Amino acid sequence: MTAKLKIVEIARLKKSCRCCEKIVQPPAPTRPVQRGMAGPGLLAHILVSKFDDHLPLYRQGEILARLGADIPRSTLIDWCGQAVSTLRPLSALIKAEIMCSDRLHVDDTPIKVLDPSRRTAESRGVKEGRIWVYVRDDRPWGGSDPPGAAYYFSPDRKGEHPQAHLADFKGVLQADAYGGFKKLYEAGTDEAPRIREAACWAHLRRDFHDVWKMTGSPIAREALDRIGALYDIERDIAAQSAEVRRRVRQEHSKPRVEAFRAWCESQLPRIPGKGDLAKAMRYALNRWHAFTLFLEDGRVAIDNNAAERAIRPVAIGRKNYLFAGSDAGGDIIADAMTIIETAKFAGLDPQAYLADVLTRINDHPARKLDELTPWSWRPPSEQRSRAA
């Protein structure tokens, strides 16, 4: 089916009373973008094309021109920013809901940001910002909280940013060994840490795999086999209850994990201390409490793949649209990704979802904004049937 654009003309008829000569006219419908001519369907298409299909706005402009709509790139940028601004209360609500969880996955990735203060005759002036993602996904153990992803932008990778994101969080944080998280794991005045660290066995496995691929080391191969046995157990308990997962892990995974630790300790004196193989083993041993937390709690995953999958679209998009135009542009990316990726987690078509939300959000009561979240939203057909 060939894509089409259409112009919607809105007729607002004026009527006058012959007796009192009063003139009445229905109000103009609310637009998703103030003083903008783009309808909700086109805006949804632009947002999904950019942030889910990773199509830069200049390419979208070329496609729209072939369809008969010559829209300047500057206008597309303006529409994109205004549409996300309209959706920002919804993004904030989604983030607040996700960050209330007591278990989160987190990952981050760099993104280039234009910075006029760094501009020179030879350079446009670019700094390295950061996109962070926090994922709630209780599906592996049948939890009742719906999955979602909250994205945040920061102008750098200082630890103060995740510390601010997680200021009210209490629970298990599954992450890599980024030093900026260290302060979060420190015990408070009551000697009980507010946040417990869970490590990622997939990250550790990749370290051993890189060594094995480069050198063919039989020790690295054995490490892969030992970790692989843990994943065999995880596949068997997928979608089981948290208690079943904990019980099976205690019975079958824990002995293998303890044997892996003893094996690493026995191998370290026999291999070069500065080599990558030794670094991988020390990485595991130095954070052993984090690598074994999944044995104690069936709700905790064995790895951080949920966050790594959620951050991948940003990395793909980065290769296409290259950079954010400003820090405000980074915030736009984060808010758009929060809504689109959470809609996908909910099994929705993000374009159909956004088209309907952009149609309704400006007239929707603020106290009922939760009705527009991906977890509560219903297609227009269901809305009509309920109203009937």
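In the range 296-355, the qualifying residues are those that are within 11 Å of the chain's Cα centre (by Cα) and among the hydroxyl-bearing types (Ser, Thr, Tyr), and the one that is farthest from ASP145 (Cα to Cα) is THR338. Residues that are at pLDDT 95 or above and small (Gly, Ala, Ser) within the range 176-211 comprise ALA198, ALA199, ALA202, listed in sequence order. Search the range 61-105 for residues being more than 24 Å from GLN174 (Cβ to Cβ) and of a type in the set (Lys, Arg), and hand back the single one that is surrounded by the most Cβ atoms within 10 Å (Cβ to Cβ). This residue is ARG88.
For first residues located in the range 281-301 and within 16 Å of LYS182 (Cα to Cα) and of a type in the set (Lys, Arg), partners that are modelled with pLDDT of 95 or more and surrounded by 18 or more Cβ atoms within 10 Å (Cβ to Cβ) and lie 6+ apart or on another chain with Cβ distances below 8 Å form the pairs ARG287/GLU197; ARG287/ALA199.
Where strands (runs of 3 or more DSSP E) sit wholly within the range 109-207, those with at least 2 residues that are of a type in the set (Gly, Ala, Ser), closer than 14 Å to ALA306 by Cα and touching a Ser or Thr at 6+ places or on another chain (Cβ under 7 Å) occupy 148-154.
The values are calculated or read from the model by the stated rules, or taken from the named source; none is laboratory data. If you're wondering where the values come from, they're calculated on a predicted model, not measured in any experiment. Because the Cβ atoms are built from the backbone with ideal geometry, glycine has one as well, and the counts that use them run over all protein chains shown.
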